[in-house]
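What follows is one structure encoded as structure tokens, with my remarks underneath.
The values are calculated or read from the model by the stated rules, or taken from the named source; none is laboratory data. These numbers were taken from a predicted model, which means no experiment stands behind them. We place every Cβ from the backbone using ideal geometry, glycine too, and count neighbours over all the protein chains shown.
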Amino acid sequence: MPRSLTSFIVIFLLLESLSLNSTIVAAQGGSLSDLEPDSGSVVCPPGVYEAELDGCLPLGPSEYLTQIAATGIPYPILPLPAYTPPAALNDIPYRYFKVTEQGAQLFASLEDGANNQPSGQLAPGTLYISYVGSEIDRNGKYYYRLRSNALIGMDGGRQAIPTFQGLLFSSQPHHAFGWVMGETTPRLAPGLNNPETGYSLHRYNIVQIYDTQEASNLTWNLVGPNEWVDSRQIARVDPHTTAPEGVTEHRWIEVNLFEQTLSVYENDQLVFATLVSTGVEPFWTRPGIFHIYEKKPIETMSGSTAADRSDYYYLEDVPWTMYFDEARALHGAYWHNRFGVQRSHGCVNLSVGDSHWLFDWANDGDTVYVYDPSGQTPVDPSLYGTGAP
């Protein structure tokens, strides 16, 4: 058969197929016959089309992208303009040891330890010490040598420093974003009765938030096409380009008590954001506008609030401390990895790496804006003491 005749037959069959598809779509109530002229048309290049076009049909991929764009998800989806700070910020010249809650005796020398002649005592409580090495006495008992040169028995365990770090930003984010607080499975639509997507998000995963809706008496965040997550599972940051009311500088630190996040702004632009742990009831972190009044690279913190001293704590070599409201401070917390959850006695706990970055950035006098958008944190000054870690 001549090649020209073969080509003619193929073209004829294709046209017949397109005509049949148009008839089927029309019979099923589809939209193709409403859009396509009798003379036929071509499909538009993939993209978002908010109105009908002359010369092409916004179908197929374009139809899907347009539907997704209507939910607030752009095309193309832009990555978050963020990156992780240097891992070296986690490095500090201290090693930590968690002493048993029963307390411990201190010894001035190995001989005193061998003879059980203590020179001091750590009271029962939450106890973390900073040590420089280990030694053994003549009876074979091991001790840690503290930076104070005292010795303490190895009754407890070494403390690994959490390595979680927040985000630095190269430009202003276009959307809200946040960290996933625990393993969760998105749903195809907002509401507890809607099916799950079949895949899970994990703790500290970072998501962008494109839309928010109410369903099942909960708030839901759209984190991807047909991917909705209960807002309780995300610690959210909403970037903005103007200072909060009452903040007169173009450089400030913002602590969101409801979301348990901290954001840093310079020249009215977000430059850093991370998770924190603020005060638990009744030791809330006080809302208000404050200023950093003292910075200390290391600090030993101790104290208690209960009459029986049952909540006594002793924390050696707390790194990168920035006081802003009496004894309340921004500082590194090496003793837990629960950032994004209220945990402190009024201070703002950051990871060691995040506190290091913030310490390098912050100046004495910088504004610290603490607020609770939910209104749940009390503002009555009589409810607040001086604060603690």
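Numbers below:
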item	result
Strands (runs of 3 or more DSSP E) lying entirely in the stretch 241-329 (those with 3 or more residues that are at pLDDT 95 or above and surrounded by fewer than 20 Cβ atoms within 10 Å (Cβ to Cβ))	288-291, 294-303
Qualifying positions in the stretch 275-302 - out of contact with any Ser or Thr (no Cβ under 9 Å at 6 or more places or on another chain) and of a type in the set (Gly, Ala, Ser)	288, 302
Some residue of the stretch 185-197 being more than 25 Å from residue 353 (Cβ to Cβ), assigned to a strand (DSSP E or B) and touching a residue at least 12 places away in the same chain (Cβ under 8 Å)	yes
Residue in the stretch 87-104 that is part of a loop (DSSP other than H, G, I, E, B), surrounded by 17 or more Cβ atoms within 10 Å (Cβ to Cβ) and not aromatic (Phe, Trp, Tyr) present	yes
Filter result for residue 353 (touching a residue at least 12 places away in the same chain (Cβ under 8 Å), in contact with a Lys or Arg (Cβ under 6 Å, 6 or more places away or on another chain) and either more than 19 Å from residue 129 (Cα to Cα) or not assigned by TED's automatic domain parsing to the domain that holds residue 180 (or both))	no
First in the stretch 261-286 and free of Cβ contacts under 8 Å to residues at least 60 places away in the same chain, second anywhere and of a type in the set (Asp, Glu), Cβ under 6 Å, 6 or more apart	263/254
Candidate set: the stretch 209-232, residues that are outside any strand (DSSP E or B) and in contact with a Leu (Cβ under 8 Å, 6 or more places away or on another chain); chosen: the one surrounded by the most Cβ atoms within 10 Å (Cβ to Cβ)	210
Residue match in the stretch 43-57 (condition: among the aliphatic types (A, V, I, L, M) and under 35 Å from the mean Cα position of the chain (by Cα))	yes
Some residue of the stretch 59-69 being under 30 Å from residue 168 (Cα atoms), aliphatic (A, V, I, L, M) and modelled with pLDDT of 75 or more	no
Residue match in the stretch 344-359 (condition: of a type in the set (Val, Ile, Thr), surrounded by fewer than 19 Cβ atoms within 10 Å (Cβ to Cβ) and not in a helix (DSSP H, G or I))	no
The stretch 147-165 residues that are closer than 15 Å to residue 122 by Cβ, paired with ones that are of a type in the set (Val, Ile, Thr) and part of a strand (DSSP E or B) (beta carbon under 8 Å, 6 or more apart)	147/132; 152/99; 152/129; 155/99; 156/99
